[in-house]
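**Q** Could you have a look at this structure, given as structure tokens, before my questions?
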Amino acid sequence: MIVRHVIEGNIEDEVISAWLVGQEDSNGGYKIVMRDDGLQFGLASNGFPSDKHPILCGWYGNLHSAFAAM
């Protein structure tokens, strides 16, 4: 998964490991992800067409909070 930061107009990407827990549909939509250490759940989505991995939208704490944020 890509954690994308925009700092003073410059894009900085960090690739991290995460588990895909669920997704809205197979054609896109939000994906529920879990940090590799299992401590947080969040949402990811498809990024730019050139992105190789989904983009993190944000961390939401537990699974219920991430699901509710969809």
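Each reported figure results from applying straightforward, stated rules to the coordinates on display, with no laboratory input. Quick caveat: nothing in here was measured; it's all calculated off a predicted structure. Here the Cβ is made from the backbone with ideal geometry for all residues, glycine too, and neighbour counts use every protein chain on show.
**Q** Restricting to bridges with both residues inside the chain, how much of the DSSP beta-bridge set is antiparallel, in percent to the nearest 5?
**A** 95
**Q** Using +1 on the beta carbon of Lys and Arg, -1 on that of Asp and Glu, and nothing else charged, what's the dipole of the chain about the Cα centre, debye to 20?
**A** The dipole magnitude comes to about 160 debye.
**Q** Sorting Ile2, Ile32, Ile16, Ile11 on the 10 Å Cβ count, fewest up front, what's the list?
**A** Ile11, Ile16, Ile2, Ile32
**Q** Can you tell me the mean projection area, over all orientations, of the convex hull of the chain's alpha carbons? Units nm², please.
**A** 4.9
**Q** Ranking Glu14, Glu8, Glu24 by Cβ neighbours within 10 Å, fewest first, what do you get?
**A** Glu8, Glu14, Glu24
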